[in-house]
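K.L.:
This is the structure, below, for whatever I ask next.
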Amino acid sequence: MKKTNVLVSGIVLIGLAVAAGYLLRKDRAVVKTTGVTHEGGIEVLKAAQLNAGMALKTHLDSPVGKAWKAKDFVQLRSMFGLNKNVQDNISFFQASIYILDVTKPEWKPEDKQSLQGLQVAIAEYMMGKREKPVLGPEAQALSYASKVLLKFSSLPEETINALSHFYGVATAEGQRNQRDIVGETLLRLNPLPEKGRKIVRDKITSKQDPYQGVVLIAQMRDAKAAAELWNEVAKNFKSYPQQYRAMIFKQLVIRHQLIKEDLSSHLESLAKNSYDSENAEDAFLVGVRELNVVDKYRSDVQRIANQSRYPETKSMALSLLTISGGAK
């Protein structure tokens, strides 16, 4: 059996590398560490720190930086919008992300009304009617706008409702990317709004590609809602198409402390299906490691160590055997 290649579309891809990359790859047995151990490395590190400092100063000294520092919400609102060119919008939102990340401003009660007005304006920009489909730089600008919204601990209820409504009605082909970016914003809000929950639930119950839904849960910030959805996935595990089960199981088992279902009951099936399938080998090994049942499945782990054609799973199997008492 060949390794299953899964194409992840639209909403899953936006911000995935940053938002979910660690979660989806943290389960490798071999962890590589790097460190600066020589003069050349130290110089590179110093140069990087200097560049970061210069970039921060550049942003803070820019009109955008000065407006954020002064909490000049009127000026901030004038710096982006549908009446601006795409590059102006990209520059504004990109600088805003950097500034908010580094300065972490504290919002006082007297800032609330003006700040909410700015949030509403950003959301309206994201939902605004475009003459052309949102592609390339325009999609990048919207993605940056979404990230700015997500820098705030909360959004006005009216903004959440407006974003939810837009996601529900923006079904035209030319609105696909725009809708996906709004959807990705909703599912990363904490607490998760009902529309965000529906987005994820529609994905995890899909017969075509439920793994997209698993990826979305990994991006969520609402831990309670995420735990509930992980358990829904676990409960419905046997109903998923065979080609996705290994990848889904892997994501469940690294979160087994959240799961009420008995995940160990799936290991026997994974062991039988792990012959010459990297996904299945990987999921099986992660499962026996996380559930601490290496001894019970030692012969299968040994088989993978001896016969696997995939260097990473072969290495993981050998590591598990070594830790649990040595290869036979």
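The values are calculated or read from the model by the stated rules, or taken from the named source; none is laboratory data. Keep in mind that this is a model prediction, so the values were computed, not measured. All Cβ positions, even for glycine, are placed from backbone atoms using ideal geometry, and neighbour counts span all protein chains on display. Accessible surface is based on the protein model in full, side chains and every heavy atom, while ligands, DNA and RNA are left aside. Shrake-Rupley method; radii C 1.70, N 1.55, O 1.52, S 1.80 Å.
K.L.:
How much FRET efficiency would the formula 1/(1 + (r/R0)^6) give for Asp295 and Glu261, where r is the Cβ-Cβ distance and R0 is 22 Å, rounded to 0.05?
P.N.:
My answer for the efficiency is 0.45.
K.L.:
Return the whole-Å distance between the Cα centroid of segment 201-229 and the Cα centroid of segment 87-134.
P.N.:
27
K.L.:
Report the label-to-label distance for Tyr275 and Asn85 in nanometres (one decimal), using points 7 Å from each Cα along the Cα→Cβ vector.
P.N.:
6.3
K.L.:
Tabulate in residue order the Karplus-calculated ³J(HN,Hα) for segment 126-136, using 6.51 cos²θ - 1.76 cosθ + 1.60 with θ = phi - 60°, rounded to whole Hz; enter x for Gly and Pro.
P.N.:
5, 8, x, 6, 10, 6, 10, x, 7, 9, x
K.L.:
Another question, if that's okay. Could you work out the equivalent-ellipsoid semi-axes for segment 187-328, taking the square root of 5 times each eigenvalue of the Cα gyration tensor, largest first, in whole Å?
P.N.:
31, 15, 12
K.L.:
I'd like the accessible area for Asp72: 1.4 Å probe, protein heavy atoms, all chains in place, Å² to the nearest 10.
P.N.:
Accessible surface of Asp72 is approximately 60 Å².
K.L.:
Also, quick follow-up: Which FRET efficiency value, to the nearest 0.05, is calculated for Asp111 and Glu194 with the Förster distance at 41 angstrom and r the Cβ-Cβ distance?
P.N.:
0.90
K.L.:
Starting from the Cα of Val120, step 7 Å toward the Cβ, then list every residue of segment 135-156 with an amide N under 11 Å from that point.
P.N.:
Within reach of a label on Val120, which here means backbone N under 11 Å from a point 7 Å along Cα→Cβ, segment 135-156 contributes 156.
K.L.:
Using 0.36 nm times the number of residues separating Glu157 and Ser324, minus their current alpha carbon distance, what extension gain do you get?
P.N.:
Taking Glu157 through Ser324 to full extension adds about 54.9 nm, to one decimal.
K.L.:
Counting only the heavy atoms of the protein chains, how much of Thr103 is accessible to a 1.4 Å probe, in Å² to the nearest 10?
P.N.:
Here the residue's solvent-accessible area equals roughly 60 Å².
K.L.:
Over the alpha carbons of segment 75-146, what is the largest minus smallest coordinate on each principal axis, giving the biggest first in Å?
P.N.:
Over segment 75-146, Cα extents along the principal axes are 40, 23, 18 Å.
K.L.:
Another question about this same structure. Work out the FRET efficiency for His165 and Gln302 from their Cβ-Cβ distance, taking R0 = 51 Å, and round it to the nearest 0.05.
P.N.:
Calculated transfer efficiency: 0.35.
K.L.:
From Cα coordinates alone, what are the radius of gyration and Dmax values for segment 231-289 in angstrom?
P.N.:
Rg and Dmax of segment 231-289, Cα atoms, are 10.3, 31 Å.
K.L.:
Round to the nearest 10 and report in Å² the accessible area of Arg130, as given by a 1.4 Å probe over the protein chains' heavy atoms.
P.N.:
Here the residue's solvent-accessible area equals roughly 40 Å².
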